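Beneath this line is the structure, given in structure tokens, with notes to follow.
Quick note: the coordinates plus some simple rules give every number you see, no bench work behind them. All values derive from a computational prediction rather than experimental measurement. Glycine gets a Cβ as well: all are built from the backbone with ideal geometry, and neighbour counts include every protein chain shown.
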Amino acid sequence: MKVIALTPRGYCHGVVSAIQTLKTVASDPTIKKPIHVLGMVVHNQKIVDDFTALGVISINDAKASRLELIDTISHGTVVITAHGVSDDVIAQARHNNLEVIDTTCRDVKRSQDTVKYYLSMGYDVIFIGKKSHPESETVLQYSSAVHLVDSVAMVDKLTLNNPLVALTNQTTMSVFDVQDIGEKVRHKYPHVEVIEALCDATKTRQLAVMHQDKDTDHCFVVGDKRSHNANKLVEVSNSHGVSASLIQSIEDIHLPSLKHHTKVSVTSGASTPTALTKEVIEFLSQFNKDDPKTHHQVSQVKDQNLFL
């Protein structure tokens, strides 16, 4: 089978930094224990499980805010994930006498600082993002002047009378969602100041998927089901003429469908361990629909420690 390995793949710089920091903290005897991560260190369950094996406790509840979660930690150290948190969360952690280690991605920090700056200048800020995502949760805690939208329809519902309006976005949104929603915002508020905040890792992955060969039968996106950027890669591929599916390892590949393909592509989310993606590429490259010996789908790496 012909396999096109799209680039870039593997961890983005924010994920690498967060994982390396947490590895260092977990093995440092001077760090107050226990060590808690506020949320998932990255949106990949395999990585979370690897850290759990080292005694790191992940505090994650989709129904609770980071500010609510911080009060469930009574002592020790709390690690802020690459997705960032509001200043109120940091302040509450320190009020609870917790040691704070911040691994917020520099692209996320830049986006958050942008929102803070425009709020301080009296702007209403329209933020393109998903309500359930930590980045959106954080900026919504800044002020009631932050308005979250994730569709053109939500822009229609905005009623802003402020002559000062700024537009920015969650760093992992789809390039195309940002363009479509942004165009609607600019039409409705011609005076809007636009600050695009997509991280390079998100943008380049999506553009690679968008420009892949149109004669590709299928695109496999290796990533966790909770990874927003991995799910967006699936959406982008599907919307640009190449069917796509999200898989977490070779064990998720649907063999009956694969037997009908002759050319496939592979990419991965920014928090996907390289070993998992490499195994997918190798499996597909040796796959022969007529040779059952090439159909063995038991992953040899998914149960290994895959920090980097």
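Points to keep in mind about this one:
- Relative exposure of Ile80, Ile73, judged by other C-beta atoms within 10 Å (fewest first): Ile73, Ile80
- Remark: relative contact order (segment 213-267) = 51 percent; criterion is Cα-Cα distance under 8 angstrom and separation of 6 or more residues.
- Only DSSP H runs of four or more residues enter the estimate; each adds -39500 (n - 2.57), and after division by the residues of the chain the mean residue ellipticity at 222 nm equals -11000 deg cm²/dmol.
- Here Thr77, Thr72 are placed in order of increasing Cβ neighbour count within 10 Å, fewest first, which gives Thr72, Thr77.
- Intensity falloff of segment 107-198 expressed as log10 I(q)/I(0), Debye formula with alpha-carbon point scatterers, at q = 0.10, 0.12, 0.14, 0.19 Å⁻¹: -0.20, -0.29, -0.40, -0.78
- Less than 5 angstrom separates the built amide H of Val146 from those of Val125, all sequence-distant by 5 or more or on a different chain.
- Gap separating the Cα centres of segment 147-183 and segment 67-115, nearest whole Å: 26
- For the chain, the calculated P(r) over all alpha carbon pairs, in 20 Å bins from 0 to the bin holding the longest distance, is 31, 53, 16, 0 percent.
- Residues with amide H under 5 Å from that of Val42, placed H, sequence gap 5 or more: none
- Here segment 140-283 was treated as a single set of alpha-carbon atoms; its pair distances binned every 10 Å from 0 give 11, 35, 27, 17, 9, 1 percent.
- Under a 5 Å amide H cut-off, with hydrogens placed 1.01 Å from N, Ile4 pairs with Val264, Ser265, Val266 among residues at least 5 apart or on other chains.
- Listed by chain and number, the lysines whose alpha-carbon sits under 20 Å from that of Lys225, ignoring those within fewer than 8 places in the same chain, are Lys46, Lys63, Lys130, Lys131, Lys203, Lys278, Lys302.
- The distance separating the Cα centre of segment 228-300 from that of segment 31-66 comes to 28 Å.
- Working note: Karplus 6.51/-1.76/1.60 with θ = phi - 60° gives segment 34-50 the couplings x, 9, 10, 10, 7, x, 9, 3, 9, 7, 8, 4, 4, 5, 4, 5, 4 Hz, where Gly and Pro are set to x.
- Put in line by how crowded their Cβ is, counting other Cβ atoms within 10 Å and starting with the fewest, His228, His36, His240, His296 read His296, His240, His36, His228.
- Computed over the chain, relative contact order equals 22 percent, with contacts defined as Cα pairs under 8 Å that lie 6+ residues apart.
- Here Lys109 is the anchor, and the aspartates and glutamates within straight C-alpha reach of less than 13 Å, apart from those fewer than 8 places off in the same chain, are Asp87, Glu135.
- Largest-first principal axis extents of the Cα set of segment 15-167 (Å): 54, 31, 26
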